[in-house]
1. Just give me the residues in the stretch 1-19 being open to solvent by 100 Å² or more (accessible area, probe 1.4 Å) and among the hydrophobic types (A, V, I, L, M, F, W, C), in sequence order.
2. For the stretch 26-74, which positions are touching a strand residue (DSSP E or B) at 6+ places or on another chain (Cβ under 6 Å), part of a loop (DSSP other than H, G, I, E, B) and more than 25 Å from residue 89 (Cβ to Cβ)?
3. Given the conditions (1) on the phi > 0 side of the Ramachandran plot; (2) open to solvent by 70 Å² or more (accessible area, probe 1.4 Å), which single one is not true for residue 31?
4. Kindly list the number of the only condition in (1) open to solvent by 70 Å² or more (accessible area, probe 1.4 Å); (2) over 15 Å from the mean Cα position of the chain (by Cα); (3) without any contact (Cβ under 8 Å) to a residue 60 or more places away in the chain that fails for residue 72.
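The values are calculated or read from the model by the stated rules, or taken from the named source; none is laboratory data. Predicted model, so just to flag it, every value in this text is computed and none were measured. Glycine also receives a Cβ, built like all others from the backbone with ideal geometry; neighbour counts cover every protein chain displayed. The area values use the complete protein model at the heavy-atom level, side chains included, leaving out ligands, DNA and RNA. Shrake-Rupley method; radii C 1.70, N 1.55, O 1.52, S 1.80 Å.
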Amino acid sequence: WQTLQNNSTDYPDGSVFAKIGIATEDDPSFPSSAVPSGKRRVQYMVKDSKKYRDTQGWGYALFDWNGKVFPGNVKEATTACFACHLIAKERAYIFSQIIGDFSIKSADFDAWK
């Protein structure tokens, strides 16, 4: 978190990112919008520069919603994950980034009174 807050890409070993993969469908009330319709998987990235040298220090794991390793070949899944993350090489292979200050202050709510 501190690395993101500092607008840095120097993620230390032990850094972890997690993502919940969801299914979506068109919102029946607003067709140009998508809404969550189900859960698919949980995805993790773990930084260990020695253990995961072949993938620039990042290990990848996919689990189904019951906590079981996602079906399929683990090596192929890792290769596929890393291939996608190559797009974000300039951000240390991380898609996550801070895009602004989302803190909410009580004064923000006062305007609606």
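1. Of the stretch 1-19, the ones open to solvent by 100 Å² or more (accessible area, probe 1.4 Å) are 1-2, 5-7, 10, 19.
Hit for the stretch 1-19 is 1, nothing else.
2. Once the filter is applied, which keeps residues that are touching a strand residue (DSSP E or B) at 6+ places or on another chain (Cβ under 6 Å), part of a loop (DSSP other than H, G, I, E, B) and more than 25 Å from residue 89 (Cβ to Cβ), the stretch 26-74 yields only 65.
3. If we test residue 31 against (1) on the phi > 0 side of the Ramachandran plot; (2) open to solvent by 70 Å² or more (accessible area, probe 1.4 Å), just (1) comes out false.
4. Exception for residue 72: condition (1).
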